[in-house]
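Heads up, the thing below is written out as structure tokens.
The values are calculated or read from the model by the stated rules, or taken from the named source; none is laboratory data. Nothing here was measured: the structure is a model prediction, and the numbers come from that model. For neighbour counting, all protein chains shown are included, and Cβ atoms are generated from backbone atoms with ideal geometry for every residue, glycine included. Heavy atoms of the whole protein, side chains included, go into the accessibility calculation; ligands, DNA and RNA do not. Shrake-Rupley method; radii C 1.70, N 1.55, O 1.52, S 1.80 Å.
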Amino acid sequence: IFGPVQSLFKFKTFDEVIDRCNNTEYGLAAGVFTKDINKALQFSQQVRAGSIWINTFLALGPQVPFGGYKQSGFGRENGEDGLHEYLEIKSIAIHNDQKNS
């Protein structure tokens, strides 16, 4: 299935939720709806997905990097991180061996 899919599962522990979320070869986005902001932040730190939405869905903007983990995506689009695909870094060093003239 490709497209927005919402799965609702019963769970007993928070660790079970994290394990279920990470037990996939994909990781484009994940979301959580909760009143407990600390749990939501813990969720966002532990889930392996490129975008995490807390109490919202599809919160995207041109300044926000977008792309997935694992088999989801090929890098990042949008934001400063999206520009790196179009840039090459070059280092230039000049040795100045001139004496006071």
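Data table
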{"read-out": "Odd one out for A40, checked against (1) in contact with a Ser or Thr (Cβ under 6 Å, 6 or more places away or on another chain); (2) touching a residue at least 24 places away in the same chain (Cβ under 8 Å); (3) open to solvent by less than 50 Å² (accessible area, probe 1.4 Å)", "value": "(2)"}
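Condition check ((1) in contact (Cβ under 8 Å) with a residue 12 or more places away in the chain; (2) open to solvent by 50 Å² or more (accessible area, probe 1.4 Å); (3) on the phi < 0 side of the Ramachandran plot) across all residues:
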| position | (1), (2), (3) |
| --- | --- |
| K10 | no, yes, yes |
| D15 | no, yes, yes |
| I18 | yes, no, yes |
| Y26 | yes, yes, yes |
| A29 | yes, no, yes |
| K35 | no, yes, yes |
